[in-house]
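Enquirer: Provided herewith is a single structure, encoded as structure tokens, for subsequent inquiry.
The values are calculated or read from the model by the stated rules, or taken from the named source; none is laboratory data. Just so it is clear, the structure is predicted and the values come from calculations on it, not from any experiment. Counting neighbours? That spans all protein chains shown, and the Cβs are built from the backbone with ideal geometry, glycine included. Protein only, heavy atoms only, side chains kept; ligands, DNA and RNA dropped before computing areas. Shrake-Rupley method; radii C 1.70, N 1.55, O 1.52, S 1.80 Å.
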Amino acid sequence: LLQNLENLLIFGSYPRVVLAGSTEERIANLRELAGDSLYKDVLKFQSLKSSEMVQKLLVALSLQIGGEVSYREVGNLIEISKQTAHIYTEILERAFVVFKALPFSRNLRKEIGKTRKVYFLDNGIRNSLIGNLNQIPLRSDAGALWENFVVSEMKKKQYDTVNSHALHFWRTYDQQEIDLIEDYDGTLHATEIKWQKLKKQPPKAWRENYPGARFRAISKDNFLEHLL
């Protein structure tokens, strides 16, 4: 089970990749999906002309999964404007390549409220874009891959749900944070996502300001009960 899970974190969950007969075939199928076919689909989606810009933006976003994304910083990195970075990211979201999680805030003074996280719908696409298909023990981004996988699986569930709700994250200026916040059924649901070590309770600031919220922690050891 753990090996299958690690393969999903590395190669993603596209059927033609998952069902490949060998690792070599799996990598070849993934690279094809993350290469010309991906760019052609995205470019065709909005009649865009710059495949190079799309590629640069995708790579830049790939390197920031699990972290907060600034369109200004991404734009500076790939030499486009903040507005262009924003517009192209929105196009990638409408093409079901990436999706955003916005900060959760009830306007408390210490809460971050103007950033966003950008996740990929498929881990394999992300890993292929940065050219890293190494196994989990050889990676420094296992935690980010795990977070992307869990949040993307939750997002996929919403595509089949009529009453879907927004996905958020929460952080304060003094670095207290929770990976995922959902607001539904009249209750706040906080989720900590960690590959190995789990927190038994949310940060102090969250407990004090949102005492009625529910909390859970998802790791590789208990994910089935939360994601199925």
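Enquirer: For region 100-165 and region 191-209, write down the distance between their C-alpha centroids in whole Å.
Expert: Answer, in whole Å: 17.
Enquirer: Rounded if a/c is under 1.5, else prolate if a/b beats b/c, else oblate: with a ≥ b ≥ c from the C-alpha gyration tensor eigenvalues square-rooted, which is the chain?
Expert: oblate
Enquirer: Same structure, new question: Lys and Arg at +1, Asp and Glu at -1: add these up for the other residues within a Cβ distance under 15 Å of Leu145 and post the number.
Expert: Charge balance near Leu145 sits at -1.
Enquirer: Applying a 10 Å radius around every beta-carbon, put 71-77, 173-179, 60-66 in order of their mean neighbour count, most first.
Expert: In decreasing order of mean packing, 71-77, 173-179, 60-66 become 60-66, 71-77, 173-179.
Enquirer: Work through the residues other than Arg171 whose Cβ is under 11 Å from its Cβ and net out their charges, Lys, Arg +1 and Asp, Glu -1.
Expert: -3
Enquirer: Of Leu180, Leu63, Leu9, which is farthest towards the positive pole of the chain's charge dipole, taken about the Cα centre with +1 and -1 on the beta-carbons of Lys, Arg and Asp, Glu respectively?
Expert: Toward the positive end, the furthest listed residue is Leu180.
Enquirer: May I ask you to give the percent of accessible area on region 45-118 that is carbon plus sulfur, with a probe radius of 1.4 Å?
Expert: Carbon and sulfur together cover 48 percent of it.
Enquirer: Enter the accessible area per residue of region 1-100 (Å², integer; probe 1.4 Å; all protein chains in place).
Expert: That works out to 56 Å² per residue.
Enquirer: Would you mind working out the magnitude of the charge dipole of the chain relative to its Cα centre, with +1 at each Lys and Arg C-beta and -1 at each Asp and Glu C-beta, to the nearest 20 Debye?
Expert: 520
Enquirer: Of Asn127, Val150, Asn107, which is farthest along the charge dipole of region 106-151 in the positive direction, counting Lys and Arg as +1 and Asp and Glu as -1 at C-beta?
Expert: So the residue we want is Asn107.
Enquirer: Quick check: from the Cα gyration tensor, does region 144-186 come out rounded (a/c under 1.5), prolate or oblate?
Expert: Oblate, because a/c is 1.5 or more while a/b does not exceed b/c.
Enquirer: Follow-up question, since we're still on this one. Take every DSSP beta bridge whose two residues both sit in the chain, then give the antiparallel share in percent to the nearest 5.
Expert: About 70 percent, rounded to the nearest 5.
Enquirer: I need the shape label for region 146-228. Rule: rounded when a/c is under 1.5, else prolate if a/b > b/c, else oblate, with a, b, c from the alpha carbon gyration tensor. Please report the intermediate quantities before stating the final value.
Expert: Details: a/c = 1.81, a/b = 1.22, b/c = 1.49.
In terms of gyration-tensor shape, oblate.
Enquirer: Within the set Lys56/Lys155; Lys197/Lys220; Lys56/Lys114; Lys82/Lys110, which residue pairs have Cα atoms separated by over 20 Å?
Expert: From Lys56/Lys155; Lys197/Lys220; Lys56/Lys114; Lys82/Lys110, over 20 Å: Lys56/Lys155; Lys56/Lys114; Lys82/Lys110.
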